[in-house]
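What follows is a short report on a single structure.
Bear in mind these aren't lab numbers, they're just calculated from the coordinates by the rules spelled out. This is a predicted model, so every value here is computed, not measured. Here the Cβ positions follow ideal geometry from the backbone for every residue, glycine too, while neighbour counts run over all protein chains shown.
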Amino acid sequence: LGMVRERPLFGIGPDTFRLRYGYWMGYERFDPHIHTNNQVIEFLVGSGIIGLGGFLLFSATLAVQVWQLLKSQTGRMWHWHFGLALLLAIWYIHGMVDSFWQFTPTYILFWLLVSLAIVPAKLAK
C-alpha cells in the first residue's frame, strides 16, 4: 500500500515491485526475485490506478467477447472455443496467486490464446 500511495496514478513502474519491496519492508538485504504473487496487485503497484483500470477494462472486454462467441457457436467449433475460454479463465485465476506476465514466454502464450479465442469470430463476420 505504501508503494501505491507513493505514486497512485501511474505506479512505480512495471516489474519494479520486486526491486523495491525490501526497502518498504525495512530490509537491508532482500531477494529481488520475489514478486507480488498477485497479478492485480502487480498491475496496481507497477502501473497505478490508470494501468490497473486499463487491465480490468481489457479483461472485461475480453470476457464479454469470449462469452458472446461461446453463445453464438454450435457444433465442433463450440468445443474449441469452450476450451480456449477455459484456458483463459484458468490463466486469470492463476494470476490471483502468482505474478507471471513479466516473462516473455508467458505473455506471448497469453496473446496467442486471446488471438485464438477472438480472431475466428472476427473472421466469420
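Remarks
- Across q = 0.10, 0.18 Å⁻¹, the chain modelled as identical point scatterers on its alpha-carbon atoms has Debye log10 I(q)/I(0) values of -0.40, -0.96, in the order of the q list.
- The range 4-51: GluC sites (Glu not before Pro) falling in loop per DSSP and having at most 12 other Cβ within 10 Å: Glu28
- FRET efficiency, 1/(1 + (r/R0)^6) with R0 25 Å, evaluated for Arg29 and Phe103 via beta carbons: 0.55
- Spacing of the modelled spin labels on Gln68 and Thr16, each 7 Å from Cα toward Cβ, amounts to 3.6 nm.
- Tilt relative to the chain, helix 104-124 - C-alpha long axis, 0 to 90 degrees, to 10: 30
- Since only Phe17, Leu87, Leu70 are under comparison, the one whose Cα sits farthest along the positive direction of the charge dipole of the chain, derived from C-beta charges on Lys, Arg, Asp and Glu, is Leu70.
- 5 Å-binned pair-distance histogram of the range 41-99 (Cα, whole percent): 4, 18, 20, 22, 15, 10, 7, 3, 1
- Rounded to 10°, Cα long-axis angle of helix 76-95 versus longest principal axis of the chain: 10
- Placing +1 on the Cβ of every Lys and Arg and -1 on the Cβ of every Asp and Glu, with nothing else charged, gives the chain a dipole about its Cα centre of roughly 460 debye.
- The mean sequence separation of alpha-carbon pairs under 8 Å and at least six residues apart, normalised by the residue count of the chain, gives a relative contact order of 27 percent.
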